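Asker: For reference, the structure I am asking about is given below.
The values are calculated or read from the model by the stated rules, or taken from the named source; none is laboratory data. As the structure is a prediction and not an experimental result, all values here were calculated from the model. Here Cβ is always computed from backbone atoms with ideal geometry, including for glycine, and neighbour counts include all displayed protein chains. Please note that ligands, DNA and RNA were not included when accessible areas were found on the heavy atoms of the full protein model with its side chains. Shrake-Rupley method; radii C 1.70, N 1.55, O 1.52, S 1.80 Å.
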Amino acid sequence: VEKSMTDNQHKMQFIEKRLIDQKILAIPKRWSIKHDSMAYMKREGHRIEFKTLGTRQTSTLTSESAELISRDAGLNEKIIAVVEKLIKEEHKESILLFTNSVSHAKLISSLLRSSIKPRINAQYIHGETHTDERCKFISDFREKKIQVLCNVDILTTGFDAPKVDAVVVARNPESYPLWVQMIGRGLRGPRNGGTLECRIVD
C-alpha cells in the first residue's frame with residue numbers, strides 16, 4: 001500500500017510538472033500566514049469546537065468557532081498586510097480571498113477598502129447576494145475593476161475567472177479536496193487563458 005501511494009504521488013508530480021511546462025497550469029508559488037487561532041480563542045475564554053462531516057469522519061470548525069476566530073484583529077491585520085504586499089510588491093491585480101464566514105468576508109473587504117492606500121476596490125459576495133449584483137461583481141472582477149473579491153465558499157466551483165493571479169485561503173479549508181478547488185481557481189496557465197504564475201497564500 002505504501003509503495004502504491006508513493007508511486008501515485010510520483011505520477012501526480014510528473015503530470016503536474018508536464019502541465020506546468022506546457023503552460024496548461026500556472027506555476028503555484030506559496031506563502032503561509034503564521035497565526036495561532038487556538039491561542040487567541042484561549043485568551044478570549046473560548047474553545048475551538050469541531051463538527052463531523054459526512055461518513056469519512058472528517059471534522060471542521062463549527063460555524064460559531066469560525067465566527068469567533070474571524071473577530072481576531074491579529075489575524076485580520078495579517079490578512080490585510082498580505083493583500084497589500086500582493087498588490088504593492090507583487091503587482092497582483094486579481095486576488096480571490098476565502099474567509100471564515102459571510103461577516104468575515106464583509107469585514108475584510110471593508111478593511112481592505114479603508115486600509116490600503118491608494119484605495120483599492122474590494123468587494124464580497126455570498127449565497128444571498130442578489131443575482132444581478134453577483135453577476136456585476138464577478139464581471140468587474142474578471143475585468144480587474146475589482147482587485148480583491150472575498151467569499152466563503154461560493155466561488156470554489158463553477159466560477160471562471162482565468163486571470164486570477166493570487167488566491168488567499170484565510171479560513172479552515174475543511175478538507176483537502178475543497179482546498180484544491182479553492183486554489184484551483186488561480187491555477188489556469190497561459191494556454192488556458194490564465195496566468196504564468198499564481199501566488200497561493202494559506
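Asker: Report whether or not residue 152 is open to solvent by less than 20 Å² (accessible area, probe 1.4 Å), in contact (Cβ under 8 Å) with a residue 24 or more places away in the chain and within 11 Å of the chain's Cα centre (by Cα).
Answerer: No; evaluated as a whole, the condition is false for this residue.
Asker: I would also like to ask the following. Say we look at the stretch 171-192 and pick out the residues that are open to solvent by less than 10 Å² (accessible area, probe 1.4 Å) and among the small types (Gly, Ala, Ser); which of these is farthest from residue 100 (Cα to Cα)?
Answerer: Among those that are open to solvent by less than 10 Å² (accessible area, probe 1.4 Å) and among the small types (Gly, Ala, Ser), it is 189.
Asker: Is at least one residue of the stretch 72-88 open to solvent by less than 50 Å² (accessible area, probe 1.4 Å), among the β-branched types (Val, Ile, Thr) and more than 26 Å from residue 28 (Cβ to Cβ)? Even if it seems obvious, please write down each step before you answer.
Answerer: At the first step, the residues of the stretch 72-88 found to be open to solvent by less than 50 Å² (accessible area, probe 1.4 Å) are 72, 74-76, 79-80, 82-83, 86-87.
Within this subset, residues satisfying the condition of being among the β-branched types (Val, Ile, Thr) are 79-80, 82-83, 87.
Filter again for more than 26 Å from residue 28 (Cβ to Cβ), leaving none.
No, because not a single residue in the stretch 72-88 is open to solvent by less than 50 Å² (accessible area, probe 1.4 Å), among the β-branched types (Val, Ile, Thr) and more than 26 Å from residue 28 (Cβ to Cβ).
Asker: Okay, next question. Give the residues of the stretch 155-185 that are at pLDDT 95 or above, under 21 Å from residue 135 (Cα atoms) and under 10 Å from the mean Cα position of the chain (by Cα), sorted by residue number.
Answerer: Within the stretch 155-185, 166, 167 meet the criteria.
Asker: Counting only residues that are surrounded by 11 or more Cβ atoms within 10 Å (Cβ to Cβ) and at pLDDT 90 or above, how many does the stretch 44-61 have?
Answerer: Total meeting the criteria: 2.
Asker: Pull out all pairs, ordered by first then second residue, where Cβ-Cβ is under 7 Å, the residues are six or more apart or on different chains, the first lies in the stretch 4-32 and is within 24 Å of residue 166 (Cβ to Cβ) and among the aliphatic types (A, V, I, L, M), and the second is in a helix (DSSP H, G or I) and open to solvent by 60 Å² or more (accessible area, probe 1.4 Å).
Answerer: 24/191; 24/192; 25/16
Asker: Go through (1) more than 25 Å from residue 152 (Cβ to Cβ); (2) open to solvent by 60 Å² or more (accessible area, probe 1.4 Å); (3) within 22 Å of the chain's Cα centre (by Cα) one by one and return the number of the condition residue 118 breaks.
Answerer: Checking residue 118 against (1) more than 25 Å from residue 152 (Cβ to Cβ); (2) open to solvent by 60 Å² or more (accessible area, probe 1.4 Å); (3) within 22 Å of the chain's Cα centre (by Cα), the one that fails is (3).
Asker: Under 6 Å by Cβ, and 6 or more places apart or on different chains, what pairs join a residue from the stretch 117-134 that is over 30 Å from residue 89 (Cβ atoms) with one that is in a loop (DSSP other than H, G, I, E, B) and open to solvent by less than 40 Å² (accessible area, probe 1.4 Å)?
Answerer: 134/125
Asker: Looking for whichever is of a type in the set (Val, Ile, Thr) and surrounded by fewer than 18 Cβ atoms within 10 Å (Cβ to Cβ) here; the options are 157, 195. Which one fits?
Answerer: 157
Asker: While we're here: Being closer than 30 Å to residue 69 by Cβ and either among the hydroxyl-bearing types (Ser, Thr, Tyr) or more than 23 Å from the chain's Cα centre (by Cα) (or both) is the filter here, so list the residues in the stretch 1-38 that pass it.
Answerer: Residues satisfying the conditions are 32, 37.
Asker: For the stretch 10-42, what are the residues that are in a helix (DSSP H, G or I), open to solvent by 100 Å² or more (accessible area, probe 1.4 Å) and either closer than 23 Å to residue 202 by Cβ or in contact with a Pro (Cβ under 8 Å, 6 or more places away or on another chain) (or both)?
Answerer: Scanning the stretch 10-42 gives 12, 13, 17, 38, 42.
Asker: Under the condition of being under 17 Å from the mean Cα position of the chain (by Cα) and open to solvent by 10 Å² or more (accessible area, probe 1.4 Å), which residue from the stretch 122-136 is farthest from residue 84 (Cα to Cα)?
Answerer: It comes out as 127.
Asker: Which residues, taken from the stretch 89-109, are over 17 Å from residue 141 (Cβ atoms), in contact (Cβ under 8 Å) with a residue 12 or more places away in the chain and surrounded by fewer than 22 Cβ atoms within 10 Å (Cβ to Cβ)?
Answerer: Hits for the stretch 89-109 are 90, 101, 102, 103, 107.
Asker: Further, regarding this structure: List every residue pair whose Cβ atoms lie under 9 Å apart, where the two residues are 6 or more positions apart in sequence or sit on different chains, the first residue falls within the stretch 155-170 and is over 13 Å from residue 141 (Cα atoms), and the second residue, located anywhere, is surrounded by fewer than 19 Cβ atoms within 10 Å (Cβ to Cβ) and among the charged types (D, E, K, R).
Answerer: Going by the 9 Å Cβ cut-off, the qualifying pairs are 168/202; 169/202; 170/78; 170/202.
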